Amino acid sequence: MNELIAEKWVAALRSGDYKQGKGVLHNQDTNTYCCLGVLCDLYVQENNNRDSYCHQRMLSDCSIVTAFGNTTGTLPNSVLTWSGVNNDNGQFKYNKPIPGRDTSYFRDEDTCLLTSMNDGEYGHDFTFEEIANIIEEQWRQL
């Protein structure tokens, strides 16, 4: 991924400006973001295209979410191109200890997804701070 955008993303995750949520990029009902939703929001801010790019959607549970482009749960192509992230779920190969976290549940060379880390699918709810640490260490693989 682009190093400068990785630095902005890490700073945004650590800023306290975003409340962490799960399952969707941005839940408007709770004003929460997943880690990839924060990256989408940075894209929108940099391109000044919130009105044309962001759309409200109602999910089957009646929650109101933001669709960035045409997606509510993964990175849209425009954000992938802008950021240089290789995969719409934030996939990377785990190849070193993740700072600040016991990672004994990862095997060497496991493929990890930032979405799964954000949503607690590895048996631990990773905080934005922990995810920022991962991005800082693994940005070349993202």
Open item on the list: How high is the relative contact order of region 3-141? Use alpha-carbon pairs under 8 Å, at least six apart in sequence, and give a whole percent.
Closed with: 26 percent
Open item on the list: Just want the ordering: Leu142, Leu4, Leu13, Leu80, from fewest to most Cβ atoms lying within 10 Å of their own Cβ.
Closed with: Leu4, Leu80, Leu142, Leu13
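Report the extension gain between Tyr122 and Lys22 in nm, rounded to one decimal, defined as 0.36 nm multiplied by the number of residues separating them, less their alpha carbon distance. Walk me through the numbers before you get to the answer.
On the way: separation 100, 0.36 × 100 = 36.00 nm, distance 1.35 nm.
Gain on extension, Tyr122 to Lys22, equals 34.6 nm.
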- [ ] For region 63-71, just list the computed ³J(HN,Hα) in residue order, Karplus coefficients 6.51, -1.76 and 1.60, θ = phi - 60°, integers in Hz, with x standing in for Gly and Pro.
- [x] 6, 9, 10, 9, 9, 8, x, 10, 10
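Go through 114-124, 30-40 and give me the packing order, highest mean Cβ count within 10 Å leading.
Values: 114-124: 16.7, 30-40: 23.3.
Result, highest mean Cβ count within 10 Å first: 30-40, 114-124.
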TODO: Determine, for Asp29, Asp88, Asp61, the number of other Cβ atoms within 10 Å of each Cβ, and report the residues in order from fewest to most.
DONE: Asp61, Asp29, Asp88
Task: Model label zone, Glu136; criterion: amide N under 12 Å from point 7 Å along Cα-to-beta-carbon; scope region 12-44 - done: 12-15
- [ ] Quick one: which residues, 5+ away or cross-chain, put their amide H under 5 Å from the amide H of Thr71? H built at 1.01 Å from N.
- [x] none
TODO: Only one of the values (i) 12, 45, 33, 9, 0; (ii) 12, 42, 35, 11, 0; (iii) 11, 26, 21, 15, 13, 8, 4, 2, 0 was calculated from this structure for P(r) over Cα pairs in 10 Å bins from 0, in percent; name its label.
DONE: (i)
TODO: Could you list which residues have their amide H under 5 Å from that of Gln28, counting only those 5 or more apart in sequence or on another chain, with H placed in the peptide plane?
DONE: Ile64, Val65, Thr66
Task: Neighbour-count order for Ser83, Ser52, Ser63, fewest beta carbons within 10 angstrom listed first - done: Ser52, Ser63, Ser83
Open item on the list: Using each residue's phi in region 118-134, evaluate 6.51 cos²θ - 1.76 cosθ + 1.60 at θ = phi - 60° and report the 3J(HN,Hα) Karplus result to the nearest Hz, with x for Gly and Pro.
Closed with: 4, 8, x, 7, 9, x, 8, 7, 6, 7, 4, 4, 5, 5, 4, 4, 5
- [ ] Go ahead and estimate [θ] at 222 nm for the chain from helices alone: -39,500 (n - 2.57) per DSSP H run with n ≥ 4, summed, over the residue count, rounded to 500.
- [x] -10000 deg cm²/dmol
Task: Inter-label distance, nm, simple model (7 Å from Cα along the C-beta direction), Arg57/Asn87 - done: 2.1 nm
- [ ] Treating the angle as unsigned and between 0 and 90°, give the value, to the nearest 10°, between the Cα long axis of helix 35-47 and the longest Cα principal axis of the chain.
- [x] 50 degrees
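Bear in mind these aren't lab numbers, they're just calculated from the coordinates by the rules spelled out. None of the values given here were measured: they were computed from a predicted structure. Using ideal geometry, Cβ is built from the backbone for each residue, glycine included, and neighbour counts are taken over all protein chains shown.
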